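The values are calculated or read from the model by the stated rules, or taken from the named source; none is laboratory data. Just so you know, these numbers come straight off a predicted model, no measurement behind them. Cβ placement follows ideal geometry from the backbone for every residue including glycine, while neighbour counts extend to all protein chains displayed. With ligands, DNA and RNA removed, areas are computed over all heavy atoms of the protein, side chains included. Shrake-Rupley method; radii C 1.70, N 1.55, O 1.52, S 1.80 Å.
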Amino acid sequence: MPSEECNDAWLETFLAAVQHPERTERQRALKSFGQDFTRDAIIAEECPRIFDDTYLHILRCYGDRFESVRTLAVAAMDALVGKLPPNDYYLGCIVPVLAKRIGQAETIEDSEEVRLQLLEQLETLVAKYSDPDGSRSGDPLLKVLDSMIDTLIKSLRDPFPAAQKKSCEIVIALAEATPSLHCRAEALVAPAKSILTHRHSANRIAAVEALGVLSLHILSNGDCVSEIIMAVSPLLMDDVPFVRRACGRVGCLMLQKLRDRYSFFHRILPLVLNCLSDETVEVREDIEAGWKQAGELYYRENETELSKAALIETVPKGYPVERYRRPTLACRAIVQRSLRVVNLVLHEMEEWKENIRLHATKLLKQIVLHAERSFSTLFLEVNPVLAKACMDAEKSIVSEALSVCELMGILLDYDTWSQHMLATFKNYPTIGQLRCMRTLFASCLQDEAKCKHVRKFATLLLDPDVCHNHQDAVYQRELLEFCSILASSGQKQESLTARLEEITVSESNDSTAGEQQTLERTLYTVALKVVAFCYGLEDRASVRDLGMTVLGLLDSKVNRLHQHHLASVLRKIEHLESENSDASTNILLLCGIVAVCGFQDSYFTILNETLQKAVAHAAPEGKVKLFSAISVAMLSWNVNNAQPKEDQIAMLRALTDAVIAPHLVWSAGRSAESVRAMATACFASMAQGVDPNVYMSLLPTYLNVLSGLIDDNCIATRAYSLKALVRLQALNFESLKLIAFPIMSRLDDPSGEVRELAAVCLGRLQLDVALSEDGQQNTVERWQDILRQILSVMFLHLEHPETKLRCAIFGTYLNAVVLM
């Protein structure tokens, strides 16, 4: 405007219009006013006078009942303030009005957009009158600081998300604009904390950043700083990576700028260290850079001490450089002086929420990585909680806990943990302690010290509470993996078969037990027991295979191990004199050993005695299980025994007379029937697994019993007794007569399997004339008479609808014709 008279006329027109009762007139005036300032139609020298003449009328429009007028009034004031010089007088005029509109306990301004606009105006004023050190204008914001803080206290709780976010940004700007924020900083903490749970991630990020800045301006209230850290910490588990990054940045900021930060290191560290193991690469890299800066600052502040340590430090042997980047000396020093944080971590590792336990375990890994040998003093406290984490239901937690154990095994001295683990596992043989001990031992690279204690660790595994834990497949697998590690450790000095035989370990913890055994025998005993307990369980096939692999580590020929050590294992099976059921641990163990190892001459005597004792005292269901295992073992008789025929007959006769035969005799009851059926199954297995010449030398002795079992009430017994006769060779006439008619009667058996077996057995009946006591001609005629009866009965069954039975009868018929 060219002249002062024109300005006066323009102002008079504006003032008249802005007070006009018509809304449209007020709108037009405010809009024109703002546009004139925007187009630079007003020179800067005239702005103070224009402000003096108009500000009351414009500010009065802040309370206009029309939202559009209020919006234009705020915009007009923004345009005017932008032209004003930085004089704190103008602050005193505007800020109180803002506080009245959006800083009262009750919400005066009901429009969300206008509230946001007013906050933006407040932000503009903060930026315009910024004086960080108070040297330029003597901190102009101090005069209106209380009004600003009161406004922010209210707006930080504004239900409008954009207003909340803008309020956090103003808090950060205010902290940079005035050195006096410390006077009222604590008042803003509670409102800012309330935003941390906001559903918008941008608001959460703004709140974290605001709280981080506020913590730097709280000079005397350490509890308030601690509250800020505790409020921000849960956001380390936020789903949004940028929120987690904001937490890490706040931690780095506190490590570098917080007053009395050394005393807060143990609380700040989780904010930083958790982000170093974040799943997002951007978060890790960003925080790692800030963490290094904090370390550099700490190094400068403690250069005298740390420079000496830098001269003598070396990388620990076996440091996993392929997976971890070793922290700087200063960063390690910060953690090493703040190990009080471990107490907080251990508490969170036992929380009921899975995500808290997971992040706490990751944090512990970072602490171990930084603390290195300094962590030794805390091992006793950490071990129980870490062992619990090693058996957590969440697999990710178990994986992280094992990573912690691995790092401790590498970074800590062997003597730091070995004796404690030996004592602890002896008292608490849980799967968590087992995993922890196994991982520590496997990752430790101090081979000389480990080899001295291999026998002690192996002895622990012999405890019945450990190697007899057959209900948990995971426990069994961990046990076998530890056995393989112990075996490998023994091989590092010399070959296992040579070196380990020289090392003896006590098999019993009882001081009265004087028997000593080799380490090979100890590991063999543990592995064999695990394999034995897996017998008959299809879901444990992988565990059983792993057990056989461990036995293969001890000796490539597993049968040789059985020959050397199985007798010792059998002697240690206890409580066989009790009435054990099929679920009894000792019965399960013995059955598994019999099925897995079979029968061999080297330990046959002790195995026979053990079975005799067990069968004599076991409950019926226990006897059934034992006979089942014996029948399985009989199938591999030829594989394990290559002795002369006479020796094999003697072994079989001793086992049959002492263990099997007494239970072939009929007795009443369902239980006795089941036991009798399984005892008969042993003969059926002999027929398949024992050399035919050996078996036929033994069979005639028991034909009298078997002929009675052919007519037993139990279908299974009848079937097994016939299977025992399927591979018959030539017999004398009296023996044939004893079994021929019972077999023939089974052609009418209700069971199809029994009928088929009977037809097959009839075809196996052969007369050995040389064994007949009467004349050969007379014996042959008598046998042919019996064959004719058999054939006549078989002819009747050739029209049976069962195809298998007809085929079996036809084969038998042809064989009988040839024999006649």
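Screening ARG477, ARG435, ARG455 for residues that are without any contact (Cβ under 8 Å) to a residue 60 or more places away in the chain, under 27 Å from LEU589 (Cα atoms), touching a helix residue (DSSP H, G or I) at 6+ places or on another chain (Cβ under 9 Å) and open to solvent by 10 Å² or more (accessible area, probe 1.4 Å) leaves exactly one candidate, ARG435. Taken together, GLU381, GLU372, GLU394 contain a single residue that is touching a residue at least 12 places away in the same chain (Cβ under 8 Å) and at positive phi, which is GLU372.
GLY134 meets the conditions (1) out of contact with any Gly (no Cβ under 9 Å at 6 or more places or on another chain); (2) open to solvent by less than 60 Å² (accessible area, probe 1.4 Å); (3) farther than 17 Å from LEU253 by Cβ; (4) in a helix (DSSP H, G or I) in every case but one. The failed one is (4). Of everything listed in (1) modelled with pLDDT under 90; (2) outside the structural domain of MET678 (by the TED database); (3) loosely packed, with under 15 Cβ neighbours inside 10 Å, the single unmet condition for ARG571 is (1). When region 537-570 is filtered for residues that are more than 34 Å from the chain's Cα centre (by Cα) and not in a helix (DSSP H, G or I), only LYS557 remains. The number of residues in region 206-241 that are assigned to a loop (DSSP other than H, G, I, E, B) and under 29 Å from the mean Cα position of the chain (by Cα) comes to 3. Selection over region 344-360 of residues that are assigned to a helix (DSSP H, G or I) and either among the aromatic types (Phe, Trp, Tyr) or open to solvent by 60 Å² or more (accessible area, probe 1.4 Å) (or both) gives a count of 5. Restricting attention to region 278-287, the residues being open to solvent by 20 Å² or more (accessible area, probe 1.4 Å) and either assigned to a loop (DSSP other than H, G, I, E, B) or in contact with a Pro (Cβ under 9 Å, 6 or more places away or on another chain) (or both) number 3. Filtered by the rule that a residue be assigned to a helix (DSSP H, G or I) and either open to solvent by 30 Å² or more (accessible area, probe 1.4 Å) or of a type in the set (D, E, K, R) (or both), region 242-265 gives PHE242, ARG244, ARG245, ARG249, LEU253, GLN256, LYS257, ARG261, TYR262, SER263.
Is it the case that region 127-136 has a residue that's among the hydrophobic types (A, V, I, L, M, F, W, C), closer than 26 Å to PHE14 by Cα and within 59 Å of the chain's Cα centre (by Cα)? No, there is no match, as no residue in region 127-136 is among the hydrophobic types (A, V, I, L, M, F, W, C), closer than 26 Å to PHE14 by Cα and within 59 Å of the chain's Cα centre (by Cα).
Summed over region 668-717, residues that are open to solvent by 40 Å² or more (accessible area, probe 1.4 Å) and not in a helix (DSSP H, G or I) total 5. Do we have THR585 as under 22 Å from GLN648 (Cα atoms), open to solvent by less than 70 Å² (accessible area, probe 1.4 Å) and modelled with pLDDT of 90 or more here? It is false that THR585 is under 22 Å from GLN648 (Cα atoms), open to solvent by less than 70 Å² (accessible area, probe 1.4 Å) and modelled with pLDDT of 90 or more. Counting just the residues of region 172-188 that are free of Cβ contacts under 8 Å to residues at least 40 places away in the same chain and buried (at least 21 other Cβ atoms within 10 Å of the Cβ), which one comes out nearest to the chain's Cα centre (by Cα)? In this case the residue turns out to be LEU188.
When every residue of region 618-637 is checked against the conditions, none turns out to be touching a Pro at 6+ places or on another chain (Cβ under 8 Å) and either surrounded by 19 or more Cβ atoms within 10 Å (Cβ to Cβ) or basic (Lys, Arg) (or both). Going through (1) under 30 Å from ARG300 (Cβ atoms); (2) loosely packed, with under 13 Cβ neighbours inside 10 Å one by one, LEU339 falls short only on (2). The residues of region 734-769 that are surrounded by fewer than 17 Cβ atoms within 10 Å (Cβ to Cβ), part of a helix (DSSP H, G or I) and of a type in the set (Gly, Ala, Ser), listed by number, are SER745, GLY752.
Within region 97-112, the set of residues being closer than 15 Å to ARG157 by Cβ and among the acidic types (Asp, Glu) comprises GLU106, GLU109, GLU112.
When the residues of region 378-396 are filtered to those that are assigned to a helix (DSSP H, G or I) and farther than 15 Å from LEU407 by Cα, which remaining residue is most open to solvent (accessible area, probe 1.4 Å)?
If we take residues in region 378-396 being assigned to a helix (DSSP H, G or I) and farther than 15 Å from LEU407 by Cα, then LYS395 is most open to solvent (accessible area, probe 1.4 Å).
Going by what's in this entry, would VAL232 be described as under 14 Å from THR280 (Cβ atoms), open to solvent by less than 50 Å² (accessible area, probe 1.4 Å) and out of contact with any Asp or Glu (no Cβ under 9 Å at 6 or more places or on another chain)? No; evaluated as a whole, the condition is false for this residue.
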